[in-house]
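Trainee: First the structure, then my questions, so here it is.
The values are calculated or read from the model by the stated rules, or taken from the named source; none is laboratory data. These numbers come from a predicted model, not from an experiment. Cβ coordinates were reconstructed from backbone atoms using ideal geometry, including for glycine residues, and neighbour counts include every protein chain displayed. Remember, those area values only see protein heavy atoms, side chains included, never the ligands or the DNA or RNA. Shrake-Rupley method; radii C 1.70, N 1.55, O 1.52, S 1.80 Å.
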Amino acid sequence: MLYLIKQGLEPKMSFKIMESVRKGKGLKEDMEQAMREKNVPDWYIMSCKKIKYMFPKAHAAAYVTMAFKIAWFKVHKPEAFYTAYYSVRADDFDSNIMIKGKEIVKNKIKEFEMQGNNLSVKDKNVLTILEVVNEMYERGINFLPITLKQSHATKFRIEPEGIRPPLNALPGLGEVAAANIYKTIQEAQGELTVEDLQLRSKIGKSIIATLENEGCLQGMMKTNQYSLF
């Protein structure tokens, strides 16, 4: 567009030509005629007819700017970078592996790499996150345990000792269940039993089992019923 304006074409016509060419639609007769009237070279006109797609210059500038911003945070504010990165990829975050320490993460990476091109799309996504987790461990940043009182429903949190994963990072625990559990914990008055948690959060026994296996229910009474004997 800028080149055609410099050649003397009207800005509106220059814009129409740019849009048509970058979308792979080539040139219409009036476009080509306008270009020839301003002595636009033949090679340029022929190129416009052959181009199938062109990435918008403004988009390219925006992506490069964003890349610099992300790189700055990764170098100077690593906790903020990793927290944001994991939060937007929580669906592929496997707490059974990723928060268990550097060695377990490295072993899982090797296991995936040995499968080569046989990895599923899901496993490829997990591998990418594992590589980032391994990098984080190498930089001396650790994960904190997932707990009912300290973990958010869906967001990773920065704490002085490390990064606290959310409830939905637990396997089999989706966003809706995590949000219900988080809301119940926030609204609870006094001690909350496992039975209360299940009823108020409207979660099944499988999720209760997951929470129990992860140590999230430690110290909680199972029911409101007390035995006299």
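Trainee: Taking the stretch 103-123 only, how many residues are assigned to a helix (DSSP H, G or I), under 27 Å from Glu175 (Cα atoms) and either free of Cβ contacts under 8 Å to residues at least 12 places away in the same chain or open to solvent by less than 70 Å² (accessible area, probe 1.4 Å) (or both)?
Mentor: So the answer is 7.
Trainee: Next question, about the same structure. Filter the stretch 149-170 for residues that are within 22 Å of Ala188 (Cβ to Cβ) and either at pLDDT 90 or above or in contact with a Pro (Cβ under 6 Å, 6 or more places away or on another chain) (or both) and give the result.
Mentor: Scanning the stretch 149-170 gives Gln150, Ser151, His152, Ala153, Thr154, Lys155, Arg157, Glu159, Arg164, Pro165, Pro166, Leu167.
Trainee: Report, by residue number, each residue of the stretch 178-218 that is open to solvent by less than 70 Å² (accessible area, probe 1.4 Å), closer than 28 Å to Tyr82 by Cβ and in a loop (DSSP other than H, G, I, E, B).
Mentor: Glu214, Gly215, Cys216, Leu217
Trainee: A follow-up question, please. Scan Glu131, Glu79 and give me the residue that is open to solvent by 70 Å² or more (accessible area, probe 1.4 Å), among the acidic types (Asp, Glu) and under 15 Å from the mean Cα position of the chain (by Cα).
Mentor: Just a single option satisfies the conditions, and that option is Glu131.
Trainee: Here's a follow-up. With within 20 Å of the chain's Cα centre (by Cα) and open to solvent by 90 Å² or more (accessible area, probe 1.4 Å) as the only criterion, which of Glu161, Glu175 stands out?
Mentor: Going through Glu161, Glu175 in turn, just one is within 20 Å of the chain's Cα centre (by Cα) and open to solvent by 90 Å² or more (accessible area, probe 1.4 Å): Glu175.
Trainee: Another one. All but one of (1) open to solvent by less than 70 Å² (accessible area, probe 1.4 Å); (2) within 23 Å of Ala177 (Cα to Cα); (3) in contact (Cβ under 8 Å) with a residue 40 or more places away in the chain; (4) within 19 Å of the chain's Cα centre (by Cα) hold for Thr147; state the number of the condition that does not hold.
Mentor: Answer for Thr147: the failing condition is (4).
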